[in-house]
1. Restricting attention to segment 233-259, which residues are over 24 Å from Glu497 (Cβ atoms) and in a strand (DSSP E or B)?
2. Kindly indicate the residue of segment 219-229 that is crowded, with 24+ Cβ neighbours inside 10 Å and outside any loop (DSSP other than H, G, I, E, B) and also farthest from the chain's Cα centre (by Cα) among those meeting that condition.
3. Could you list all residues from segment 354-378 that are surrounded by fewer than 20 Cβ atoms within 10 Å (Cβ to Cβ) and in contact with a His (Cβ under 8 Å, 6 or more places away or on another chain)?
4. Among Ala119, Ala90, Ala108, Ala85, which is the only one that is at pLDDT 95 or above and under 19 Å from the mean Cα position of the chain (by Cα)?
5. Can you tell me which residue is surrounded by the most Cβ atoms within 10 Å (Cβ to Cβ) among those in segment 180-215 that are under 18 Å from Lys140 (Cβ atoms) and charged (D, E, K, R)?
6. Just checking, does segment 6-27 include any residue being out of contact with any helix residue (DSSP H, G or I) (no Cβ under 6 Å at 6 or more places or on another chain), of a type outside the set (Asp, Glu) and free of Cβ contacts under 8 Å to residues at least 40 places away in the same chain?
7. Within segment 379-393, track down each residue that is closer than 18 Å to Arg494 by Cβ and surrounded by fewer than 19 Cβ atoms within 10 Å (Cβ to Cβ).
8. Since Asp168 meets every condition but one in (1) part of a helix (DSSP H, G or I); (2) over 25 Å from Leu19 (Cα atoms), which condition does it not meet?
Amino acid sequence: MTTYTVRKGSPEKIRADVLVVGLVESGGRAEAAPGGEGVAQAYGRSFAPLLATLGATGKAGEVIKVATGGTVKAPLMVLVGLGAADAVDASAVRAGAGSAARAISNAASVVLALPTEDASHVRAAFEGFRLGGYAYTRFKTSARREPVAEVVVLSSAARTKEVAAAADAVDPVVRAVERTRDWVNCPPGDLTPPIFADAVRAAVADSSAKVKATVLDEKALAAGGYGGILGVGAGSDAPPRLVELTYRPRGAKAHLALVGKGITYDSGGLSIKPAGSMTTMKMDMAGAASVVAAIIAIAELGLPIKVTALAPMAENMISGSSTRPGDVLTMYGGRTVEVLNTDAEGRLVLADALVKAAEHKPDVIVDVATLTGACVVALGDRISGLLGTDDDLVADLQEAATAAGERVWHLPIPPEMTEKVRTNSKVADLAQHNAERWGGTLYAAAFLAEFTAGQRWAHLDIAGPAYNEKGPYAHITAGGTGHSVATLVELARRLGER
């Protein structure tokens, strides 16, 4: 078990196995970032030549190991680049701490001497180090390396109430992100909808959070008229589920509804994907994992906000019972939808859950989904698309994402897309998919908006950043990233403070 503490101290004088020091770019060369001044002083005039010899630049992502030879108390120093000196923020600290975590092995104690002059930076240092060192080992037969026993963050503000509160709030959020990563990384045969629903119930039961879980199986879904969830899951031997979680604290200031897409595996259905596109489709339930983990973290933090989380779960497979292109589904609430592409299945399960969420009459609804490849084309694989029908809610989410260190970009829902959703089908109320090639993300959002009953609603399309197919960077490891969890918790925190 690793202990995490924040305290005052001089980095060059503290005994530890490893000392982490930040570097920044300044005047075309690298220099110690705030928090590492004592180290630079300990080396004296030799510090700048040392950095030059090492080829240090201070650029973000840079990691250099240095044997200190007794110049400072720690025998090993890890230098991490934080970027331009005038642009070091909490995100840079989080990234630097994450990079450092992966560079350290066989260490019992680590001290982080990074720019941590306020609570947000202290929180970022802890989050970065913990998440940067994450590894999914469930199916590994070799032993995982031993974790660090003690991590200390040095801060001149260590004894303030704000820093203490920030440090205490780190653990529930980090565990929520780790839980999301675990679920997203799990092989799809080991996390079918029934197994996923059971795992959610187990997570709730194991938590100290006062969260209530209700699960609808395929019979209850049929009785309730959840045509979207049933239609997507019709081709699979693993039947669909709808998980509803509720958190009802006394004195709640607002009511937040969260909805997450839970496609545990997506073959594309009869509109089958190319083989190469199926490899990572276990991650298509990242939205459901995120909202489930977020509500547990919100409850563990005791935030004064009522939360309802809905996770529709289905496996999109091919069989004789699969939904066909051209079929019409009757959604929960009674509206009919013509299915034009079975690989646009996420919006169908979300539609049912959004109607259910709207019945609770929350103050705001936010859904999270790995929804469209078009969003990845538009924004790349590190930024999620943000769309919605309420400008204030969109702004709140943008601010929450910035504070959480996650990147989002606001996209529009133009009226012509809403018109297409309502008129493209000649046999049903709505058309599930746009026949045209362009604006797929906007069309999908316009479709979802039809099921929100005019309530304040926003949509996060996390198709890009939910899963990292490349090498690790900053505090992001390969595989599931847990993207959006911290943003949702931060949004709940802000709504509760109002």
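The values are calculated or read from the model by the stated rules, or taken from the named source; none is laboratory data. Just so you know, these numbers come straight off a predicted model, no measurement behind them. Ideal geometry is used to build each Cβ from the backbone, glycine not excepted, and the neighbour counts take in all protein chains shown.
1. Answer for segment 233-259, where residues must be over 24 Å from Glu497 (Cβ atoms) and in a strand (DSSP E or B): Arg241, Leu242, Val243, Glu244.
2. First pass over segment 219-229, keeping only residues crowded, with 24+ Cβ neighbours inside 10 Å: 226-229.
Right, trim to outside any loop (DSSP other than H, G, I, E, B) and you get 227-229.
Details: Gly227: 28, Gly228: 25, Ile229: 23 Å.
By that ranking, first place goes to Gly227.
3. If the condition is that a residue be surrounded by fewer than 20 Cβ atoms within 10 Å (Cβ to Cβ) and in contact with a His (Cβ under 8 Å, 6 or more places away or on another chain), then His360, Lys361, Asp363 are the ones that fit.
4. Numbers: Ala119 fails: under 19 Å from the mean Cα position of the chain (by Cα); Ala108 fails: under 19 Å from the mean Cα position of the chain (by Cα); Ala85 fails: under 19 Å from the mean Cα position of the chain (by Cα).
After ruling out the rest, the residue left standing is Ala90.
5. Per the criteria, the residue is Arg181.
6. yes
7. Asp390, Asp391, Asp392, listed by residue number.
8. The one condition Asp168 does not meet is (2).
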